[in-house]
1. Given the criteria under 30 Å from residue 167 (Cβ atoms), open to solvent by 10 Å² or more (accessible area, probe 1.4 Å) and at pLDDT 90 or above, does residue 28 qualify?
2. Only residues that are open to solvent by 40 Å² or more (accessible area, probe 1.4 Å) and either touching a Leu at 6+ places or on another chain (Cβ under 9 Å) or on the phi > 0 side of the Ramachandran plot (or both): list them for the stretch 100-112, please.
3. Identify, from the list 68, 42, the residue that is in contact with a Pro (Cβ under 9 Å, 6 or more places away or on another chain), open to solvent by 20 Å² or more (accessible area, probe 1.4 Å) and not in a loop (DSSP other than H, G, I, E, B).
4. Checking residue 134 against (1) farther than 25 Å from residue 204 by Cβ; (2) under 17 Å from the mean Cα position of the chain (by Cα), only one condition comes out false. Which one?
5. Considering only residues of the stretch 83-98 that are without any contact (Cβ under 8 Å) to a residue 60 or more places away in the chain and open to solvent by less than 10 Å² (accessible area, probe 1.4 Å), which is farthest from residue 61 (Cα to Cα)?
6. I'd like the residue in the stretch 178-187 that is out of contact with any Ser or Thr (no Cβ under 7 Å at 6 or more places or on another chain) and assigned to a helix (DSSP H, G or I) and, out of all such residues, is surrounded by the most Cβ atoms within 10 Å (Cβ to Cβ).
7. Within the stretch 241-262, which residues are at pLDDT below 80 and either under 22 Å from the mean Cα position of the chain (by Cα) or closer than 26 Å to residue 76 by Cβ (or both)?
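The values are calculated or read from the model by the stated rules, or taken from the named source; none is laboratory data. If you're wondering where the values come from, they're calculated on a predicted model, not measured in any experiment. A quick note on method: Cβ atoms are made from the backbone with ideal geometry, for glycine too, and the neighbour counts reach across all protein chains shown. Surface areas here come from the heavy atoms of the whole protein model, side chains and all, with no ligands, DNA or RNA. Shrake-Rupley method; radii C 1.70, N 1.55, O 1.52, S 1.80 Å.
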Amino acid sequence: MKTFTLLLVLLTITTTAAFSQNGQDTYKKFDYIRVDKEQLSTFMNLVKENLASAYQKLADNGEIKDWTLYHAEYPGGEENHYNFVSIVTASDLASFENIFSSVTSIDYFPPEAQSENMPTVENSVVKTELWKLENAIMDSTGDTPSKYMIMDYMKVTPGKNPDYLMLEEEVAKPIHEGRIDKEKMNSWQVYSLLTPGGTEYGYNFATGNYYEKLEHLEYGFNDAIINQSMGTNVNIPELFNTIYSTRDHVKSELWRLVAHTE
């Protein structure tokens, strides 16, 4: 136990600079969208005819890095206030300001997507968030985004941000690398929430876990993969107690990819 605790202290000192390097110059704009069931077909036509081509143009011009649209499948139904999530990735926050500056446009709709013959869709943006990428393992599938994404929302204790990021770097990351090596996972990312915020918002960090097959969700943090990644001398109960002391796991959602830039 003392050996593991000392290791965490040393890693806190030596790995702080690694976080900004892993997530350098990558920001994400999340728009959580609610589309009525009767409007789903029309909305998907709007995505295909207007949104996808507009975001592709922005990506080709270097104004954004990429764009993905996910269907929020679990949880589903009426309890979830949104059923789609639009994610724009850029190298700086100014890109979002330049593209989405008009107060008359829809939050997730760039001006390039607007046209006179575009279909009318009854939808609402439930909320918009800005995130910074703090750490990542690159997608093993190449340029095509993974079919499934699990978004885990975390509430990190005030003053524990460096500890939490250190644990993601030195504990979670090697374990995820082991899962990727076994082709049970494609990639992994850690985000810090820039805005909105505050003690009542509910969460301030998140991790994105990317998979190609739904069945791979069952391959989690078991003892075998932990020992393989970190050695057989790791005290697994102490490991999880250390992780839990830095954050609360607020919720987890499963999203399925429906559109993306190339």
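1. Working: under 30 Å from residue 167 (Cβ atoms): yes; open to solvent by 10 Å² or more (accessible area, probe 1.4 Å): yes; at pLDDT 90 or above: yes.
Criteria met by residue 28.
2. First, pick out the residues of the stretch 100-112 that are open to solvent by 40 Å² or more (accessible area, probe 1.4 Å): 101-104, 106-107, 111-112.
Across the stretch 100-112, the qualifying residue is only 112.
3. Details: 68 fails: open to solvent by 20 Å² or more (accessible area, probe 1.4 Å).
From the options 68, 42, the qualifying one is 42.
4. Unmet condition: (1).
5. Restricting to residues being without any contact (Cβ under 8 Å) to a residue 60 or more places away in the chain and open to solvent by less than 10 Å² (accessible area, probe 1.4 Å), the top hit is 86.
6. Step one: of the stretch 178-187, the residues out of contact with any Ser or Thr (no Cβ under 7 Å at 6 or more places or on another chain) are 179, 181-185.
With assigned to a helix (DSSP H, G or I) added as a condition, the list becomes 179, 181.
Values: 179: 21, 181: 13.
Result: 179.
7. Just the residues of the stretch 241-262 that are at pLDDT below 80, to begin with: 241-244.
Hits for the stretch 241-262 are 243, 244.
Yes/no per residue for (1) modelled with pLDDT under 90; (2) under 27 Å from residue 81 (Cβ atoms); (3) open to solvent by less than 40 Å² (accessible area, probe 1.4 Å); (4) of a type in the set (D, E, K, R):
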{"position": "114", "(1), (2), (3), (4)": "yes, yes, no, no"}
{"position": "122", "(1), (2), (3), (4)": "yes, yes, no, yes"}
{"position": "128", "(1), (2), (3), (4)": "no, yes, no, no"}
{"position": "142", "(1), (2), (3), (4)": "yes, no, no, no"}
{"position": "153", "(1), (2), (3), (4)": "no, yes, yes, no"}
{"position": "159", "(1), (2), (3), (4)": "no, no, no, no"}
{"position": "171", "(1), (2), (3), (4)": "yes, no, yes, no"}
{"position": "175", "(1), (2), (3), (4)": "yes, no, yes, no"}
{"position": "194", "(1), (2), (3), (4)": "no, yes, no, no"}
